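Taking it in order: structure first as C-alpha cells, then the write-up.
The values are calculated or read from the model by the stated rules, or taken from the named source; none is laboratory data. Computed from a prediction, not measured in an experiment: that's the story for all the values here. All Cβ positions, glycine included, derive from the backbone under ideal geometry; neighbour counts span all protein chains shown. The area values use the complete protein model at the heavy-atom level, side chains included, leaving out ligands, DNA and RNA. Shrake-Rupley method; radii C 1.70, N 1.55, O 1.52, S 1.80 Å.
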Amino acid sequence: MTAPAQPIDPSRIPAHIAIIMDGNGRWATARGLDRSAGHVEGVNTVRRITEAASETGVKYLTLYTFSTENWNRPQAEVDALMDLIVVAIERETPDLIKNNVSLRMIGDIDRMPPGARKRLEQCIADTAHCTGLTLVLALSYSARWDIVQATRSLAEDAAAGTISPADINDKAVASRLSTAFMPDPDLLIRTGGDMRVSNYLLWEIAYTEIVVTPTYWPDFSKRDFIDAIADFQHRQRRFGLTGEQIEQR
C-alpha cells in the first residue's frame, strides 16, 4: 500500500517551484526501451505535476525542458525531443485553458526551429488570458546565457549613456533576465538523484530551498510533489540571518 503524502499547510505554499526533470533516459534504459520512450512518459508526469501545482495554489511552475547543452545530443534525439515538446504542448493547451493555466517560455528561443517556435508562441497566445498557475517552460535555456544577455543589455545602455554604471545593481541585473516577470523560486526540485543544478536559474536560486529525489522523472508522482512541499515547509529560510533573528521578526 502506498503511503499517503505528508500533510501540508495551505497558507505556506511556495509561490514559485522550479523543477529539473531528470532521469527520462535512465528510466527507459532500465526497462530495455529506447530513450525516447522515457521522454514520452515524462510528458505524462508534466501533466500530473502541473495539475498538482495548480490544485495546491502554486503561482509559478518552471520546468527545465530543454537546455542549451541539449543541442549537443545526437541529432535524432534532439529532433524527437523538439517534436515531442511541441506536439505535447499543443495537445495540452485546451486543458491548460480549462484549468486557467497560462504558458510562458524562457531561454534562447532564437535557436529553436522556426516552425516549432511559431507553434509554441501560438499556444502561449492562446493561454495569455488565464490568471491561475503560470507554467514556464525553460527551452533552449542556460542560466549563464541569461546572465550574459542581461549584462550585455545593461552594458549597451551604459555605453549609450541612458544609464550610469553606478546604477547597475542586483535589481538592475534581475530586471533584464528572462525570468524578470516572476519571483525567484522558493523551492527547486531535482529528480533522478544527481546533486547539481546543471546551469539552471543560477542567479534566481541564490536562496532557494532544494529537494533532490532519486526518483526518475517519469515515476515522479503527485505524492512526491506534495512531500517535497512538506519538506520545504519544515525548513527555516534564513536568507543569511541567524535563526534567532528570523524568530524575532
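Just one of (1) crowded, with 21+ Cβ neighbours inside 10 Å; (2) aromatic (F, W, Y); (3) out of contact with any Pro (no Cβ under 8 Å at 6 or more places or on another chain) trips up Y60, so point out which. Exception for Y60: condition (3).
Quick one: which of T65, T56 is of a type in the set (S, T, Y), touching a strand residue (DSSP E or B) at 6+ places or on another chain (Cβ under 7 Å) and touching a residue at least 12 places away in the same chain (Cβ under 8 Å)? Of the residues listed, the single one that is of a type in the set (S, T, Y), touching a strand residue (DSSP E or B) at 6+ places or on another chain (Cβ under 7 Å) and touching a residue at least 12 places away in the same chain (Cβ under 8 Å) is T65. Taking W71, is it more than 24 Å from P183 (Cβ to Cβ) and at pLDDT 95 or above? For W71, the condition - more than 24 Å from P183 (Cβ to Cβ) and at pLDDT 95 or above - is not met. A search for C-beta distances below 6 Å between a residue of the stretch 169-195 that is closer than 25 Å to P218 by Cβ and any residue that is part of a loop (DSSP other than H, G, I, E, B) and open to solvent by 60 Å² or more (accessible area, probe 1.4 Å), counting only pairs 6+ apart in sequence or on different chains, returns G192/Y216; G193/P214. Restricting attention to the stretch 46-67, the residues being among the polar types (S, T, N, Q) and under 14 Å from the mean Cα position of the chain (by Cα) number 4. If the condition is being open to solvent by less than 10 Å² (accessible area, probe 1.4 Å) and not hydrophobic (A, V, I, L, M, F, W, C), then the stretch 115-137 contributes only T127. Screening A166, A180 for residues that are touching a helix residue (DSSP H, G or I) at 6+ places or on another chain (Cβ under 7 Å) and open to solvent by 50 Å² or more (accessible area, probe 1.4 Å) leaves exactly one candidate, A180. Among the residues of the stretch 92-105, are any at pLDDT 95 or above, open to solvent by 30 Å² or more (accessible area, probe 1.4 Å) and within 15 Å of the chain's Cα centre (by Cα)? Among the residues of the stretch 92-105, at least one is at pLDDT 95 or above, open to solvent by 30 Å² or more (accessible area, probe 1.4 Å) and within 15 Å of the chain's Cα centre (by Cα), which makes the answer yes. Going residue by residue through the stretch 153-173, is there one that turns out to be closer than 27 Å to A37 by Cβ and among the basic types (K, R)? There is no residue in the stretch 153-173 that is closer than 27 Å to A37 by Cβ and among the basic types (K, R).
Of the residues V148, V136, only one is on the phi < 0 side of the Ramachandran plot, among the aliphatic types (A, V, I, L, M) and part of a helix (DSSP H, G or I); which? Every option except V148 fails the conditions. Exactly one residue among S221, S153, S140, S198 is touching an Asp or Glu at 6+ places or on another chain (Cβ under 7 Å) and either open to solvent by less than 30 Å² (accessible area, probe 1.4 Å) or at pLDDT 95 or above (or both), and that residue is S140. Taking helices (runs of 4 or more DSSP H) as the structural unit, those lying wholly within the stretch 164-248 and holding at least 1 residues that are within 17 Å of the chain's Cα centre (by Cα) and not hydrophobic (A, V, I, L, M, F, W, C) correspond to 222-233.
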